[in-house]
Amino acid sequence: MILKRVFAVSVLVFLSAFFSANIFSQEKFSAENSYSDSGKPEQLVIPKDAFVGDTVQLQLTFIEQIDLFALGNKAGVNQNEKSFSETEKIVLDSTIPQLKSFTEICTVKDFTLSRNGVSYVMLLVFVPWKTGVIKIPSFDLQDAILGSEYLEKNPEVLQEDIFLISFENIRIESMAENLGEASLRLPGAPIVLPGTHYVLWTFICLLVLLMIFIAVFLVKFQKIVRKINLWRSEFLFIKNKILTKISLRYLLKEKITDVEFCVQWQKIMRRYLKSRFEVDFSAVAAGRIMNSLNEIASENSSVEIEEALISLVQLFKRTDYIKFARGSIDSRLLPASEHETVLGKNERKSIVKSTDSLIQKIELKINKDEKDIQEVSAEEIVEVKND
């Protein structure tokens with residue numbers, strides 16, 4: 001009976017030990033597998049198909065329970081008076097001896113290690129200058145953190161391998177192989193937008209026309225200047241003529257005495273003659289205005305102008321008589337219709353109409369004479385040039 005109990009107890013102890021060992025080994029295996037999966041580094045290359053001269057980003061992500069940033073603190077290195085353990089990102093040195101073969105064929109633009117808790121991301125940005133498979137040598141993370149200057153002063157650190165980093169090989173594609181080209185292509189014509197040729201030829205034509213216009217302008221500059229001055233003078237004379245005729249129309253409509261009518265008529269005509277012949281008739285006494293008009297008539301060889309100015313002199317005499325002869329002995333002479341100091345029934349209208357006709361005759365004749373003079377002058381200039 002005792003033996004049976006001992007045997008039963010022994011079996012129970014054996015079974016307990018067996019199952020306990022099994023459970024422990026399973027838990028240990030599960031834990032090792034979990035750590036292995038979570039700690040396996042993941043490499044990402046951007047862009048996937050990289051060519052010579054491209055900027056390539058090589059990203060290595062891994063999980064590590066230990067504080068890798070403390071590797072720099074162990075060697076007594078601080079950055080900006082702040083320990084590595086207190087930072088979230090550090091700049092690694094790509095000029096360490098282990099990476100020399102890599103930096104000879106690539107230009108490293110950025111090399112950093114950042115972390116988020118137990119997750120680490122190593123970022124290597126570089127520009128490759130060689131096609132084919134590029135192998136990045138394994139290196140000690142501590143060496144990259146400490147830097148080449150520190151390693152030169154402390155060469156014994158190079159003998160230690162604290163935490164090795166290994167990248168997978170990457171391939172740099174060849175543009176020539178992808179395109180199936182074995183030699184350089186001949187330079188092609190520049191690519192232009194549709195319709196560019198038409199725009200270019202239009203611009204050239206406009207430029208040629210502009211140059212022709214400038215050449216003609218320079219050749220005929222003096223003639224153009226004379227023409228412009230002539231147009232300017234004609235414009236001023238036309239303006240003077242129109243304003244004078246408008247003033248006479250308003251004067252005819254005004255309800256004023258004969259004396260006032262004659263005074264206003266002379267003011268209008270003095271202003272017109274001053275602008276037309278460049279003689280200040282406003283300062284000429286009434287007794288001498290006839291002499292001035294006679295001088296202008298004698299200076300102009302045209303019979304039409306001379307007759308028109310003589311007729312105008314007669315109108316000045318008539319209006320002067322109305323202005324100053326009231327109450328004089330001449331005003332009492334007979335016949336009364338010729339010597340009285342009042343205007344006849346339709347005499348105002350007749351004076352305005354005659355003045356309008358005389359102005360028109362003067363303007364037409366003077367403009368014609370000036371154009372003839374311009375043409376003769378142009379012909380004389382041409383003859384002088386030919387001689």
Inset, instruction - Answer yes or no: is there a residue in region 63-74 that is surrounded by fewer than 16 Cβ atoms within 10 Å (Cβ to Cβ), over 24 Å from residue 41 (Cα atoms) and at pLDDT below 85. - result: yes
Inset, instruction - Scan region 150-177 for residues that are within 52 Å of the chain's Cα centre (by Cα) and of a type in the set (A, V, I, L, M, F, W, C) and jot them down. - result: 167, 170, 172, 175, 176
Legend entry - Residue list for region 132-158, filter: open to solvent by less than 20 Å² (accessible area, probe 1.4 Å), assigned to a helix (DSSP H, G or I) and among the small types (Gly, Ala, Ser): 144
Inset, instruction - Tell me which residues, restricted to region 129-155, are β-branched (Val, Ile, Thr) and more than 14 Å from residue 111 (Cβ to Cβ). - result: 131, 133, 134
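Looking at region 94-131, which of the residues that are hydrophobic (A, V, I, L, M, F, W, C) and surrounded by fewer than 16 Cβ atoms within 10 Å (Cβ to Cβ) is farthest from residue 70 (Cα to Cα)? Steps first, answer last, please.
Going residue by residue through region 94-131, those that are hydrophobic (A, V, I, L, M, F, W, C) are 96, 99, 102, 105-106, 108, 111, 113, 118, 121-127, 129.
Adding the requirement that they be surrounded by fewer than 16 Cβ atoms within 10 Å (Cβ to Cβ) leaves 105, 118, 127, 129.
Numbers: 105: 31, 118: 13, 127: 30, 129: 35 Å.
Filtering first and then ranking leaves 129.
The values are calculated or read from the model by the stated rules, or taken from the named source; none is laboratory data. What you see is a predicted model; the values in this text were computed from it and never measured. Cβ: placed from backbone, ideal geometry, glycine included. Neighbour counts: every protein chain shown. Calculation scope for accessible area: heavy atoms of the full protein, side chains included, ligands and nucleic acids excluded. Shrake-Rupley method; radii C 1.70, N 1.55, O 1.52, S 1.80 Å.
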